[in-house]
């Protein structure tokens, strides 16, 4: 029986092909997307800091992953990534950041993952690819499915301020996000002192 929560050894490491270089400072498109809490979200209208991690697809116990899944750089690890954001959720909220996971699976498929993994944040479905295509997020084709590559963005008031790509290993992504947010908070705290010292 396959273990979805642990990463296999010797996974191929994805490289930065520049496919996300255009994302920083990009305004999030105004597109309403369905979430697993039976609501809709328009990321462009959110007035707080938001972490959106785009992921290919979560596997399911007893369901075989697509052929060659582990050989695709960056494909494996959606469950460990989601669990990492789950385990660090309170710390992320303390840093005043909301968390969303986004994939091309439909909402019903995603609800199973939210329930099984006990995720305290919603997953978002972009099954129409409208949001992904509007941002030109890189994708991959697997077994007749168009899936998002693994990309994490941090947006503030609807504008992307930080991009993580490639994301590897995926189970450490939440730690990277927290490190960035803490540094951002520290810089904001120190800024008035720096200004005062120059006067």
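The numbers here are math on the coordinates, done by the rules we state, and not lab data. It should be emphasised that the depicted structure is a prediction, and the values quoted were computed from it without experimental measurement. Cβ: placed from backbone, ideal geometry, glycine included. Neighbour counts: every protein chain shown.
When P(r) over Cα pairs in 5 Å bins from 0, in percent is calculated directly from the model, which label among [x] 1, 8, 15, 18, 20, 16, 12, 7, 3, 0; [y] 1, 7, 14, 17, 17, 14, 11, 9, 6, 3, 1, 0, 0; [z] 1, 7, 16, 20, 21, 16, 9, 4, 2, 2, 1, 0, 0, 0 fits?
Answer by label: [z].
If you stretched the chain out fully between residue 64 and residue 115, how much longer would it get, using 0.36 nm times the residue separation minus the C-alpha to C-alpha distance? Let's see the in-between values first.
Details: separation 51, 0.36 × 51 = 18.36 nm, distance 1.97 nm.
Here the segment from residue 64 to residue 115 would lengthen by 16.4 nm.
Two-decimal Rg/Rh of region 1-82 from alpha-carbon positions, Kirkwood Rh?
A ratio of 1.03.
For region 97-178, which semi-axes, largest first and in whole Å, follow from the square roots of 5 times the eigenvalues of its Cα gyration tensor?
Values: eigenvalues 75, 60, 37 Å².
After diagonalising the Cα gyration tensor, the semi-axes are 19, 17, 14 Å.
Rounded to the nearest 5, what is the percent of antiparallel bridges among the DSSP beta bridges in the chain? Spell out each step's value before the answer.
Working: 20 of 29 bridges.
Approximately 70 percent, going by the DSSP bridge assignments.
By average Cβ neighbour count within 10 Å, what is the ranking of 164-171, 34-41 from highest down? Walk me through the numbers on the way to the answer.
Details: 164-171: 20.0, 34-41: 15.8.
Ranking the peptides 164-171, 34-41 by packing returns 164-171, 34-41.
For every helix of n ≥ 4 consecutive DSSP H residues, a contribution of -39,500 (n - 2.57) applies; sum these over the chain, divide by its total residues, and give [θ] at 222 nm rounded to the nearest 500 deg cm²/dmol. List each step's numbers first, then the result.
Working: 5 runs with 59 residues, N = 199.
When only DSSP H runs of four or more count, the value is -9000 deg cm²/dmol.
Rounding to the nearest 10 and keeping the result within 0 to 90°, find how far the Cα-based axis of helix 173-198 lies from the longest principal axis of the chain.
For 173-198 against the chain, the angle is about 10 degrees.
Over region 59-186, what relative contact order in percent results from Cα pairs under 8 Å that are six or more residues apart?
Over region 59-186, the number comes to 27 percent.
Once the piece of chain linking residue 136 and residue 185 is laid out straight, how much longer is it, given 0.36 nm per residue of separation minus the C-alpha distance between them? Show your work: numbers first, answer last.
Values: separation 49, 0.36 × 49 = 17.64 nm, distance 2.93 nm.
Length gained between residue 136 and residue 185: 14.7 nm.
How much of the pair distance distribution for region 21-137 lies past 20 Å, counting alpha-carbon pairs only, in percent?
Details: 2995 of 6786 pairs.
Tail of the P(r) past 20 Å holds 44 percent of the pairs.
Using only the alpha-carbon atoms, how far is helix 78-87 inclined from the longest principal axis of the chain? Give it as 0 to 90 degrees, nearest 10.
Value to nearest ten degrees: 40.
Give me the angle, in degrees from 0 to 90, between the Cα long axis of helix 107-117 and the longest principal axis of the Cα atoms of the chain, rounded to the nearest 10.
The answer is roughly 80 degrees.
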